[in-house]
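Presented below is the structure to which this report refers.
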Amino acid sequence: MLKSRILLLPIIMLFLLCGCVQALFKSPVSRDRDDVLASTSAPDFAESTEKVNHKDQESSQVDPVVAENNIESSAPNTKKEDNIAENSSLTKNIQPVLDEALDFCQVSQDFWQKGELENALEALDQAYSLILKIDTNDIPKLIQQKEDLRFMISKRILEIYASRNIVVNGNHNAIPMVMNKHIQAAIDQYTKNNEKDFFMESYKRSGKYRPMIVSALKAAGLPVELSWLPLIESGFKVNAFSRARALGLWQFIPSTGYKFGLKRNKYIDERKDPVKSTKAAIEYLIELHKIFGDWTTALAAYNCGEGKVLRVIRSQKINYLDNFWDLYERLPRETARYVPRFMATLYIVNNPEKYGLDSITVDPPLEYEIITVSKQVHLKDVAKNIGVSRELLKELNPELRYKILPPDRYPLRIPPNSGDLLLAKLPEIPVTSPPRRAYVYHRVRFGETLSTIARRYRTSVRSIARANNIRRSNFIVAGKRLKIPLSGKYVAKANTTRKKKYRQASTHVVKSGDSLWIIANRYGTTTQKIQELNNLQSTALYIGQVLKISERKKEAPVINGLKTYQVKRGDSPYQIALLHKMSLERFLRINQLTPRSKIYPGQKLNVE
């Protein structure tokens with residue numbers, strides 16, 4: 001990848017020197033080759049026109065006798081036709097390669113908008129390696145497409161590298177302290193208005209976790225002011241849960257938590273662990289700072305995702321967003337309030353006497369020792385045997401979902417000087433199993449409503465809506481899978497769709513009322529297969545007609561709505577995605593592949 005980027009540098013510099021790259025953020029990648037052809041710059045077109053006119057002028061001055069001799073010595077029409085046929089065949093072979101390169105450009109665009117810059121660059125490298133293999137054989141149409149793709153790839157590489165540092169110029173290692181109307185409004189909200197109690201309680205709780213966070217930030221070389229982010233995110237509550245299903249001190253959603261190593265299974269959810277989630281948050285903040293180059297923009301991206309911020313930046317001129325507060329005006333309202341609230345928090349905690357924080361005693365930091373336990377026991381039984389409160393053990397081990405240790409080795413946090421006692425009492429502590437899930441899954445059928453589903457499972461519409469994050473209780477879609485929380489001891493069977501039993505037969509005698517569609521549906525085949533098997537030119541049938549019916553083949557196993565495809569010799573990711581009518585980016589993502597990944601014959605991949 002490094003070599004390919006080095007090869008691209010001369011091309012990039014050439015375009016910069018020629019002034020080709022204009023309106024860098026105003027030219028989205030198009031999947032239509034006509035759009036690619038239209039991207040040729042006007043100066044180049046003018047230059048080529050001048051050259052053609054010049055040649056026309058020269059040709060007009062040729063001696064008529066010489067011209068006549070040239071006409072007489074021209075090749076026959078049959079030779080011209082052979083050349084046209086040869087060019088047509090060559091175009092037919094090269095065009096799929098150009099299409100594949102263009103598709104990789106689109107994949108790069110998708111990755112970039114999601115903030116995955118390395119994958120975006122890899123996709124461009126792959127596209128460039130494809131066009132290098134193309135021999136256009138002096139066919140003007142192919143030459144033009146190849147050059148347009150080369151220009152597009154060069155421009156996209158510049159665009160990606162430019163997006164890293166286009167927001168703020170200054171000291172990127174510090175958090176700039178400014179004062180404006182947005183920050184002042186947030187200060188008033190926290191110290192005078194309805195959020196004063198929230199701020200004071202959160203400030204008091206900060207003593208439990210902030211010393212640990214400050215230590216981790218210093219070790220990572222990040223500003224210690226970032227230790228106040230959990231106050232904005234969760235109020236320093238490890239159990240804080242948002243409408244967006246974000247959880248813990250640092251408010252990770254499941255996908256982002258998984259990306260940065262936070263596990264979630266039947267026993268634990270590491271998003272609630274203050275130490276592990278702090279480590280993940282630091283890694284995420286470092287990544288965001290590398291993308292945007294300053295902390296204010298990185299914090300906005302931490303709240304709403306780097307993809308949204310990149311899209312806002314990309315929609316503007318390069319030199320326009322030289323100040324974060326220009327970007328601020330174009331962010332979603334909730335995200336726009338996020339950075340001013342953080343800046344307001346820094347002003348308040350740095351002036352404790354002015355805002356009345358000097359009278360508040362913060363909670364002491366949590367102290368504990370770690371003992372590795374390999375037994376599935378309940379925290380209440382552990383607390384009883386070592387003589388501490390169950391609430392204290394729950395506070396020290398918030399990631400345990402059911403307050404039960406996993407069956408494998410688990411680092412249990414207990415109060416200091418309790419380790420020897422726990423090890424001595426451990427054989428006497430009974431094994432505990434986690435409770436059975438208090439919910440089932442239901443597949444919505446046509447005509448059903450939340451009310452009818454709630455009555456069937458003896459629960460409430462509100463409970464179903466809350467469990468599935470449904471805002472509009474009157475809007476559900478047939479086929480959607482709902483999580484149904486149960487009440488009491490009643491457990492209804494989840495709605496399971498019966499598999500349709502198809503009749504197996506080698507022939508079928510047409511009866512009154514039959515049609516090809518009815519027969520195909522009865523035997524689990526298709527009308528096209530029946531027509532091909534019986535050499536039918538149309539769908540017309542007659543009573544008593546005997547039709548051959550092919551046996552129904554077993555379909556590939558479906559996993560989460562995906563089928564399995566076995567790679568054949570000569571296959572490529574682009575060809576497989578095209579065959580199954582998928583986008584290349586979707587195909588790569590569901591198979592955890594990158595644009596540079598290799599596939600091999602016999603390899604099994606997921607397709608739609």
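Where a number appears in this text, it was derived from the coordinates with a stated rule and is not lab data. In this text the structure is predicted, and so the values were computed from the model without any measurement. Note that we place each Cβ from the backbone using ideal geometry, even for glycine, and neighbour counts take in every protein chain shown.
Key figures
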read-out	value
DSSP-assigned coil residues among trypsin sites (Lys or Arg not before Pro) in region 171-277, each with at most 14 further Cβ atoms within 10 Å	192, 243, 245, 263, 266
Ratio Rg/Rh, restricted to region 308-413 and using Cα atoms, in which Rh is the Kirkwood radius	1.24
Burial ordering of 378, 580, fewest other beta-carbon atoms within 10 Å first	580, 378
Kirkwood hydrodynamic radius over Cα pairs of region 369-428, then Stokes diffusion coefficient at 10 °C and 1.306 mPa s, in µm²/s	141 µm²/s
Packing-based exposure ordering (other Cβ within 10 Å, fewest first) of 331, 533, 357	533, 357, 331
Charge context of residue 429, other residues only, Cβ under 11 angstrom, K/R +1, D/E -1	+2
Gyration tensor (alpha-carbon) shape descriptor, region 190-359, a/c threshold 1.5	oblate
Spatial separation of Cα centroids for region 176-249 and region 113-150, in angstrom	47 Å
Cβ-based exposure ranking for 296, 564, 191, in which fewest neighbours within 10 Å come first	564, 191, 296
Low-density loop cleavage sites - trypsin sites (Lys or Arg not before Pro) in region 349-441, where at most 13 other Cβ are within 10 Å (DSSP)	409, 436, 437
For region 507-548: relative contact order, % (alpha-carbon pairs under 8 angstrom, 6 or more apart)	61 percent
